[in-house]
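The structure appears below as structure tokens.
The values are calculated or read from the model by the stated rules, or taken from the named source; none is laboratory data. Quick caveat: nothing in here was measured; it's all calculated off a predicted structure. In this analysis, Cβ positions are derived from the backbone assuming ideal geometry, glycine residues included, and neighbour counts consider all displayed protein chains. Side chains are part of the model used for accessible areas, which takes the heavy atoms of the whole protein and leaves out ligands, DNA and RNA. Shrake-Rupley method; radii C 1.70, N 1.55, O 1.52, S 1.80 Å.
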Number of protein chains: 2
Amino acid sequence: MEKLNILCIVGGIAQNSLNRKLFHVVEEMAPENVTIRTFAINKLPFFSQELEHDPPDSIIRFKDMIRDSDAVLFITPEYNRSFPGVLKNSVDWGSRPYGQNLWDKKPAAVMGATVGTVGTFGAQHHLRQVLAYLNMSVMGQPEFYFNATNAFNDRGRLINEKTEEFVKNYWNAFLHWIERVGDKKAPMIEGTFPTTDQEDSPYAH
Amino acid sequence: MEKLNILCIVGGIAQNSLNRKLFHVVEEMAPENVTIRTFAINKLPFFSQELEHDPPDSIIRFKDMIRDSDAVLFITPEYNRSFPGVLKNSVDWGSRPYGQNLWDKKPAAVMGATVGTVGTFGAQHHLRQVLAYLNMSVMGQPEFYFNATNAFNDRGRLINEKTEEFVKNYWNAFLHWIERVGDKKAPMIEGTFPTTDQEDSPYAH
């Protein structure tokens, strides 16, 4: 099987974050041919157009990691029915400067854990809208809205076997998805992104 | 006329940001009874549950400013069809810790400038969803989707008189709105926010 580098962007930055626990479970259950990498997105500065043409080291390293990835898995908490600022900030960095959107055509998937029945639905769908704009190829099914109340034991393992089974199926589906839509060699099609047309463009400000 | 303190949260942090230009125009055209304050939201750390119970000074000052405000005006750029991380991060800080949502019942309005015809519609509507969850009273009309291509002269003044007229009307409408829904003395109604019910609650992670 082809080796795959998968970048995980984890939106929970606290040590005891549920989404970090979920990340560790997902990492541990990754298929053999998958290498998981992640990045401390809380080390990135806030995006500013003043920084983008001569960015600090952290940005350069983050962008290299996006470039080297065959696919991206987003694991997001829900803050006030949307994604956290720290996660959105990292996504914006990967899309800039204008015309150098590194997310373009990458296969992606979205998961999230929270305490409550909404299960990060709000956060994930805000994120999906952004990823659609960025022309990522985001897996539709299975969805993963996770009410993680009492889901982990003291060692951070999933208590419920059915949840574990679900993660396993999720991995299978994601790998099939990557095989179907992934193409690391596909060049950016000039002029197709973004659809807006100015060098010094919309979301820059 | 009653004196009003209005807090402006400006999502563009670059010096030459269009949204900062818009902010300065809005500030200059503020009615006499209005005092405008703003905050350098790029000085806030990324939200983490590890920080919220013993937050750094910047957070304490930011929260004081929210508390002291009679209303809040959000001025947002659009990054990838949503709001910038730096803005969302500030909103999340104002909502925490659990049960101490400082945005609750504050009158608010949303504006945004960009280069392009979408005029920050995407960013504003993601933001409106978050503000609804936070129980802010957000003015519906007039909307302010601003394609700011060539809108400002070298001194940062609006070139088009009609735009200036629009800002003036916007201020009038916002002041009426604040009069209608604003009530600084209204206590938080216990148990009504958030609708989820755990101390260590959803979006914390």
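Just to confirm my numbers, what's the Cα centroid distance between the stretch A:95-123 and the stretch B:101-180 in Å?
After rounding, the separation between the Cα centres reads 27 Å.
Run through the DSSP bridge list for the protein assembly as shown and note the antiparallel percent, rounded to the nearest 5.
Percentage antiparallel, nearest 5: 10.
Residues of the stretch B:123-163 with accessible area at least 40 Å² lower in the all-protein-chain context than alone (1.4 Å probe)?
By number: B:His126, B:Tyr133.
Based solely on C-alpha atoms, express the radius of gyration and the Dmax of the protein assembly as shown in angstrom.
Every Cα atom of the protein assembly as shown included, Rg and Dmax give 21.6, 73 Å.
What accessible area per residue, rounded to a whole number of Å², is obtained for the stretch B:1-143 using a probe radius of 1.4 Å?
35 Å²
Take the alpha carbon atoms of the stretch B:111-185, find their radius of gyration, then divide it by 2.2 N^0.38 Å using N residues; give the quotient.
The stretch B:111-185 yields a ratio of 1.26.
Would you mind computing, in nm to one decimal, how far apart the modelled labels at A:Glu28 and B:Asn33 are, each placed 7 Å from Cα along Cα→Cβ?
A separation of 6.2 nm, rounded to one decimal place.
Chain B: which residue's Cβ hugs the B-to-A rotation axis most tightly, distance rounded to whole Å?
Axis relating chain B to chain A; nearest Cβ residue and distance: B:Gly85, 2.
Could you check the spin-label model distance between B:Thr117 and A:Glu143? Points 7 Å from the Cα along Cα→Cβ, value in nm.
Each label point lies 7 Å from its Cα, and together they span 3.2 nm.
Measure off, as a whole percent, the carbon and sulfur share of the 1.4 Å-probe accessible area of the stretch B:1-53, all protein chains present.
48 percent
Say a label goes 7 Å from Cα toward Cβ at B:Thr117 in every copy; what distances in nm does this one have to the rest, shortest first?
The projected label point of B:Thr117 is separated from its counterparts by 4.3 nm.
By how many degrees, between 0 and 90 and to the nearest 10, does the Cα long axis of helix B:161-181 differ from the longest principal axis of chain B?
Result, in degrees: 30.
What distance in nm separates the two pseudo spin-label positions at A:Arg157 and B:Asn153, each 7 Å out from Cα along the beta-carbon direction?
About 7.2 nm separates the two model spin labels.
On the protein heavy atoms, probe 1.4 angstrom, tell me the percent of accessible surface of the stretch A:64-155 carried by carbon and sulfur.
On the stretch A:64-155, the fraction of accessible area on carbon and sulfur atoms equals 47 percent.
Taking only Cα atoms, what is the 0 to 90° angle, nearest 10, from helix B:57-67's long axis to the longest principal axis of chain B?
80 degrees
Hey, got the average number of other protein chain Cβ atoms within 10 angstrom for residues in A:106-115?
That works out to 2 on average.
Counting only C-alpha contacts under 8 Å and six or more residues apart, can you give the relative contact order of the stretch A:25-159 as a whole percent?
Rounded, it is 24 percent for the stretch A:25-159.
Going 7 Å from Cα along the Cα-Cβ axis for the label, what nanometre distances separate B:Arg157 from the same residue across the other copies?
7.2
What total accessible area, in Å², is buried where chains A and B meet, using a 1.4 Å probe and rounding to the nearest 100?
Answer for the A-B pair: about 3800 Å² buried.
Please give the residues from the stretch B:2-38 for which the solvent-accessible area of heavy atoms, probe 1.4 Å, is smaller by at least 10 Å² with all protein chains in place than with the chain isolated.
B:Ile13, B:Ala14, B:Gln15, B:Asn16, B:Ser17, B:Leu18
What share of Cα pairs, in percent, lie more than 26 angstrom apart in the stretch B:49-188?
That fraction is 30 percent.
Against the longest alpha carbon principal axis of chain B, how many degrees, from 0 to 90 and to the nearest 10, is the axis of helix B:85-94 turned?
The angle comes out at about 50 degrees.
Please calculate the 1.4 Å probe accessible area of A:Glu52, with all protein chains present, and give it to the nearest 10 Å².
Solvent-accessible area, nearest 10 Å²: 10 Å².
Calculate the radius of gyration of the Cα atoms of the stretch A:11-109 to one decimal place, then report Dmax, the largest Cα-Cα distance, as a whole number, both in Å.
For the stretch A:11-109, the Cα radius of gyration and maximum Cα-Cα distance read 14.0, 42 Å.
From the label point of A:Pro56, set 7 Å along Cα to the beta carbon, how far off in nm is each other copy's matching point, shortest first?
Relative to the other copies, A:Pro56 has label-point distances of 1.0 nm.
Give me the accessible area of A:Lys21, 1.4 Å probe, in Å² rounded to the nearest 10.
70 Å²
What is the Cα radius of gyration of the stretch A:53-131 over 2.2 N^0.38 Å, N being its residue count?
Normalised Rg, Cα atoms only: 1.16.
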